[in-house]
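**Q** Below are the structure tokens for one structure; questions will follow.
The values are calculated or read from the model by the stated rules, or taken from the named source; none is laboratory data. Computed from a prediction, not measured in an experiment: that's the story for all the values here. Cβ placement follows ideal geometry from the backbone for every residue including glycine, while neighbour counts extend to all protein chains displayed. Protein only, heavy atoms only, side chains kept; ligands, DNA and RNA dropped before computing areas. Shrake-Rupley method; radii C 1.70, N 1.55, O 1.52, S 1.80 Å.
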Amino acid sequence: MASEGILLGMGNPLLDISAVVDDDFLQKYDIKLNNAILAEDKHLPMYDEMASKYTVEFIAGGATQNSIRVAQWMLQIPGATSYIGCIGKDKFGEEMKKNSKEAGVNVHYYEDEAAPTGTCAVCVVGGERSLIANLSAANCYKSEHLKKPENWALVEKAKYFYIAGFFLTVSPESIMLVAEHAATNNKVFMMNLSAPFICEFFKDVQEKALPYMDYVFGNETEARTLAKVHGWETENVEEIALKISQWPKASGTHKRITVITQGADPVVVAEDGKVKLFPVIVLPKEKLVDTNGAGDAFVGGFLSQLVQEKPIEDCVKAGCYAANVIIQRSGCTYPEKPDFS
């Protein structure tokens, strides 16, 4: 049984501003579908334009926070999950706090006085999504906040840690503090490759954290980018997953397991020098609403079983179930109760 505070997530809390847009909008702001990027100056006017031109939904998001919320929903045990990140002191920040409390997650946000709460434009066309994140306050997280006794207590209490790769761009120091704590105390430390740009432009900090990772999550595009960056000369996702799982480890307590999703294709799991493939739940095209948060939901479902020490098959099954629920809804949202068995 999962206990209170067993799972701690740390990342970039972003308020998702989600809307179905059109191709002209994508072209205007040079946006490619199925991509995740950080906002540049040219993207800044698009947030207001989206809000005025399209029907937008505001949803508490950010990759890690999505996964933690989904894990919390699957577990249905109040306060089983905790989350740390930085928001601004503004109406979006208040919206985020309200959203997270309703989800049953124990959030300890660092509130920045100067920067506004981070936002992420979720542009949906034909069920496919593109994410443009304007980190703002999320970019201001400081390890001093983590070291405060009331926040470090969450680290002490947790047995499992999950951090999306996006947080490598913000506070690698915080990541290493948690990673080293996990290795010293035989706890489980997990990260996500998160986006091709992380593997390319944040290679050094990612490499520093890799030896501590007991689980590495990602999708096929991210896996191939990682392989390319490291000169592995293979596009074969199964081979890449194996290579990641065999990367040297900082602690020998847990072996490393690599979990790579491939959209509608089977999930690749590499451990102990072997690869297993798990089919996903096939969804008819007409039922697909929005792929935003599918990968995050998969991880959330997976974690909900992992913290209960269920076998890997059950973890993957729960991940596929959660992703399947999320893609039939707008944004990373879910019904009141899961019906996973």
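**Q** How much net charge surrounds CYS140 when only the other residues with a Cβ under 12 Å from the Cβ of CYS140 are counted, with Lys and Arg +1 and Asp and Glu -1? Walk me through the intermediate numbers first.
**A** Numbers: positive: LYS89, LYS142; negative: GLU111, ASP112, GLU113, GLU144.
Result for the local shell: -2.
**Q** Net charge near LEU7: determine it from the other residues with C-beta under 12 Å of the C-beta of LEU7, scoring Lys and Arg +1 and Asp and Glu -1.
**A** Working: positive: ARG69, LYS157, LYS159, LYS187; negative: GLU4.
After counting each charged neighbour, the total is +3.
**Q** Sticking with this one: Let a ≥ b ≥ c be the square roots of the eigenvalues of the Cα gyration tensor of the stretch 98-164; is it rounded (a/c under 1.5), or, if not, prolate (a/b larger than b/c) or oblate? Provide the component values of the computation, followed by the final result.
**A** Working: a/c = 2.29, a/b = 1.60, b/c = 1.43.
Taking the square roots of the gyration eigenvalues as a ≥ b ≥ c, the stretch 98-164 is prolate.
**Q** Rounded to the nearest 0.05, what FRET efficiency do GLU156 and HIS230 give with R0 = 41 Å and r taken as the Cβ-Cβ distance? Could you check? Intermediate values should be presented prior to the final figure.
**A** Details: r = 35 Å, r/R0 = 0.84.
Result of the calculation: an efficiency of 0.75.
**Q** If I model the stretch 164-288 as equal point scatterers sitting on the Cα atoms and use the Debye formula, what is log10 I(q)/I(0) at q = 0.09, 0.10, 0.14, 0.19 Å⁻¹?
**A** -0.25, -0.31, -0.60, -1.03
**Q** What does a probe at GLN27 reach in the stretch 123-151, counting residues whose amide N is under 17 Å from the point 7 Å along Cα→Cβ?
**A** Label zone hits: 125-126.
**Q** Right, here's the next one. Using a 1.4 Å probe, what is the accessible area per residue for the stretch 22-140, in Å²?
**A** Numbers: 5040 Å² over 119 residues.
Heavy-atom SASA per residue in the stretch 22-140 reads 42 Å².
**Q** Please report the antiparallel percentage of DSSP beta bridges with both residues in the chain, rounded to the nearest 5.
**A** Given both bridge residues lie in the chain, the antiparallel proportion sits at roughly 35 percent.
**Q** Let me ask something else about it. Just to be sure I understand the rule: take each whole DSSP H helix in the chain, project its Cα atoms onto its long axis, keep it if the span is 15 Å or more and its mean Kyte-Doolittle hydropathy is at least 0.0. Which ones pass?
**A** Working: long enough: 63-75 (18 Å, 0.05); 91-103 (18 Å, -1.87); 172-184 (18 Å, 0.50); 294-306 (18 Å, 0.92); 312-326 (21 Å, 0.78).
Sorted by number, the helices that extend far enough and score high enough are 63-75, 172-184, 294-306, 312-326.
**Q** Okay, next question. Output the Kirkwood hydrodynamic radius of the chain, Cα pairs only, in Å rounded to one decimal. Don't skip to the answer; put the middle values down first.
**A** On the way: mean 1/r = 0.0505 Å⁻¹.
The answer is 19.8 Å.
**Q** Sticking with this one: With point charges of +1 on the Cβ of Lys and Arg and -1 on the Cβ of Asp and Glu, referenced to the Cα centre of the stretch 161-243, which listed residue (ALA183, PRO211, PHE166) lies farthest in the positive direction of the dipole?
**A** Projecting each Cα onto the dipole axis, the largest value belongs to ALA183.
**Q** Assuming 0.36 nm per residue, please report the length gained on full extension of the stretch GLN76 to LYS42 beyond their Cα-Cα distance.
**A** On the way: separation 34, 0.36 × 34 = 12.24 nm, distance 4.18 nm.
Additional length available on full extension: 8.1 nm.
**Q** Let me ask something else about it. Using a simple charge model, +1 on the beta-carbon of Lys and Arg, -1 on the beta-carbon of Asp and Glu, nothing else, what dipole does the stretch 1-151 show about its Cα centre, in debye to the nearest 20?
**A** On the way: 14 positive and 21 negative charges, 89 e Å.
So the magnitude is around 420 debye.
**Q** With +1 on the Cβ of every Lys and Arg and -1 on the Cβ of every Asp and Glu, and nothing else charged, how large is the dipole of the chain about its Cα centre, in debye rounded to the nearest 20?
**A** Working: 33 positive and 45 negative charges, 158 e Å.
Using Cβ point charges on Lys, Arg, Asp and Glu, the chain gives about 760 debye.
**Q** Another question, then. Scan the chain and report its longest stretch carrying no GluC sites (Glu not before Pro) that are both in a DSSP loop and have at most 14 other Cβ atoms within 10 Å.
**A** Working: sites that count: GLU4, GLU40, GLU113, GLU233, GLU235, GLU309, GLU336.
Counting at most 14 other Cβ atoms within 10 Å as exposed, the longest clean stretch of the chain is 114-232.
**Q** Restricting the calculation to Cα positions, tell me the Rg (one decimal) and the Dmax (whole number) of the stretch 22-108 in Å.
**A** In Å, with Rg to one decimal and Dmax whole: 15.8, 45.
**Q** Out of the total accessible area of the stretch 274-341 (probe 1.4 Å, heavy atoms of protein only), what percent is carbon and sulfur? Kindly include the intermediate steps, with their values, before the conclusion.
**A** On the way: 1820 of 3250 Å².
Heavy-atom surface of the stretch 274-341 belonging to carbon and sulfur, 1.4 Å probe: 56 percent.
**Q** While we're looking at this one, here's another question. Give the separation of the Cα centroids, the stretch 1-37 to the stretch 251-286, in Å.
**A** So the separation of the two Cα centres works out to 22 Å.
**Q** Something else now. Given a Förster distance of 45 angstrom, what is the FRET efficiency for VAL289 paired with LYS208, based on the Cβ-Cβ distance and rounded to 0.05?
**A** Numbers: r = 38 Å, r/R0 = 0.85.
Step by step, r from the Cβ atoms, then E = 0.70.
**Q** Skip the ligands, DNA and RNA, and give the accessible area per residue of the stretch 226-267 with a 1.4 Å probe, whole Å². The partial results should precede the final answer.
**A** Numbers: 2140 Å² over 42 residues.
Using a 1.4 Å probe on heavy atoms only, each residue of the stretch 226-267 averages 51 Å².
**Q** With all protein chains present, how much of the accessible area of the stretch 104-185 (probe radius 1.4 Å) comes from carbon and sulfur, to the nearest whole percent? Mind showing how you got there, number by number?
**A** Values: 1540 of 2950 Å².
Ligands and nucleic acids excluded, carbon and sulfur reach 52 percent.
**Q** Once you have the Cα-Cα distance between ASN35 and LYS255, take 0.36 nm times their residue separation minus that, and quote the gain in nm to one decimal.
**A** Taking 0.36 nm per residue and subtracting the Cα distance, the gain is 76.1 nm.
**Q** Percent antiparallel among DSSP beta bridges with both residues in the stretch 1-134, to the nearest 5?
**A** Details: 12 of 32 bridges.
For the stretch 1-134, the DSSP antiparallel bridge percentage is about 40.
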